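Values in this text are rule-based calculations from the coordinates and carry no lab data. Note that the structure is a prediction, hence the values are computed from the model and not measured. Ideal geometry is used to build each Cβ from the backbone, glycine not excepted, and the neighbour counts take in all protein chains shown.
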Amino acid sequence: MRDTGMDETEGTPMEAPAPDLGREDAARSDDLPDAARDLDRDDLSRLVREVNADGRGVSYQEMADRSAADGHPVSKPYFQKLATNAVSSAPSPDRLYGIAAGLRKPVPVVQRAAAVQYLDYQATELSGYDDDVRVIVAHLAGMRAGEKRRWRAMIEAAEQVADE
């Protein structure tokens, strides 16, 4: 260690005393839990980011192309704004269909994410189940009747094999 002629504690940035929070500062800190909660409410934005995977996944242009092909066009800039949580109002139902098509996610998954992000919705119909069960149910809800019957048969067959 080099001798600088200073005491070990002199000049370190950790020497400053903690700030004295007066009444005004204390009142502002009461708002922090709400602000933190709002930052955590970005379910729809997170879906877009996950599909984009920081540019390594599906591009915003491809998302826009998918939505247009599905008949519910959503622009590339809108997907970009969604990803950064810069959209301040809930998307319309038609736009939610376009977002679902662009992300290739079931419509109920996208609707729930939008409800959580924009309406502070808390799902109760599947409370007590983990995310895996909720995602599986949402996928099944978006399937046609024949597909649901096929999946039910596979699940019941797997249960019978497990019981044997």
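So here's what we get for this one:
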read-out: Inter-label distance, nm, simple model (7 Å from Cα along the C-beta direction), Q160/K76; value: 5.2 nm
read-out: Separation in nanometres of the label points that stand 7 Å from Cα toward Cβ, at K148 and V107; value: 1.4 nm
read-out: P(r) tail fraction, the stretch 52-164 - alpha-carbon pairs more than 15 Å apart, %; value: 71 percent
read-out: Label-point gap, in nm, between E50 and D131 - each point 7 angstrom along Cα→Cβ; value: 0.6 nm
